[in-house]
1. Mind checking whether some residue in the range 68-75 is over 17 Å from G104 (Cβ atoms) and β-branched (V, I, T)?
2. Inside the range 1-18, can you point out the residues that are assigned to a strand (DSSP E or B), touching a Gly at 6+ places or on another chain (Cβ under 8 Å) and over 19 Å from P87 (Cβ atoms)?
3. How many of the residues making up the range 1-37 are at pLDDT 95 or above, open to solvent by 20 Å² or more (accessible area, probe 1.4 Å), closer than 12 Å to G115 by Cβ and not hydroxyl-bearing (S, T, Y)?
4. Please count how many residues of the range 69-84 are more than 20 Å from E30 (Cβ to Cβ) and exposed (fewer than 14 other Cβ atoms within 10 Å of the Cβ).
5. Please identify the pairs in which a residue from the range 50-68 that is more than 14 Å from F37 (Cα to Cα) and open to solvent by less than 90 Å² (accessible area, probe 1.4 Å) has its Cβ atom under 6 Å from the Cβ atom of a residue that is of a type outside the set (D, E, K, R) and part of a loop (DSSP other than H, G, I, E, B), counting only partners at least 6 apart or on another chain.
6. Quick one: how many residues across the range 28-47 are part of a loop (DSSP other than H, G, I, E, B) and closer than 18 Å to L4 by Cα?
7. Which of (1) more than 18 Å from F27 (Cβ to Cβ); (2) out of contact with any strand residue (DSSP E or B) (no Cβ under 6 Å at 6 or more places or on another chain); (3) touching a residue at least 40 places away in the same chain (Cβ under 8 Å) is the odd one out, the single condition G47 does not satisfy?
8. Can you name the residue in the range 85-110 that is closer than 11 Å to C50 by Cα, modelled with pLDDT under 95 and not charged (D, E, K, R) and is also most open to solvent (accessible area, probe 1.4 Å) among such residues?
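The values are calculated or read from the model by the stated rules, or taken from the named source; none is laboratory data. Computed from a prediction, not measured in an experiment: that's the story for all the values here. Cβ: placed from backbone, ideal geometry, glycine included. Neighbour counts: every protein chain shown. Note: accessible area is taken over every heavy atom of the protein model, side chains too, but ligands, DNA and RNA are not part of it. Shrake-Rupley method; radii C 1.70, N 1.55, O 1.52, S 1.80 Å.
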Amino acid sequence: QLQLVESGGGLVQPGGPLRLSCEASGFGFEDYTITWFRQAPGKAREGVSCITAAGSTWYADSGNPRSIISRDNHKKTVLLQMANLGPEDTAVYFCAAGRHLLSGCKEPRLSDYWGQGTQVTVSS
């Protein structure tokens, strides 16, 4: 079983960067795909980026990449770095762990463990 805790949210200036951290405790972290989801008010939860146990990555914005995801299995941490944020990036950001492949990164139902979320607000 894993416990996940997100950090790094807060108020971000338009055009600014974001660095979110997901720290895990428990066993088996290295075997899980870790996905960052976000949910804006009134909208469905959506996948932002994920990284598999093997280190393969997926980004929702692959057509206009602004994000980098990385993991450190020794530290049981996944980082998500985003650049050039806009108001549309305002949301609660969650990290989640599941035993699935890249193709499952858009599906919240495939993640078994979730963090409590961290609010990101992009505003001047």
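1. Checked the range 68-75: at least one residue is over 17 Å from G104 (Cβ atoms) and β-branched (V, I, T).
2. Answer for the range 1-18, where residues must be assigned to a strand (DSSP E or B), touching a Gly at 6+ places or on another chain (Cβ under 8 Å) and over 19 Å from P87 (Cβ atoms): L2, Q3, L4, V5, E6.
3. Residues in the range 1-37 being at pLDDT 95 or above, open to solvent by 20 Å² or more (accessible area, probe 1.4 Å), closer than 12 Å to G115 by Cβ and not hydroxyl-bearing (S, T, Y): 4 in total.
4. Count: 2.
5. R66/A83; R66/N84
6. 3
7. (2) is the only condition that G47 fails.
8. Of everything passing the filter in the range 85-110, L101 is most open to solvent (accessible area, probe 1.4 Å).
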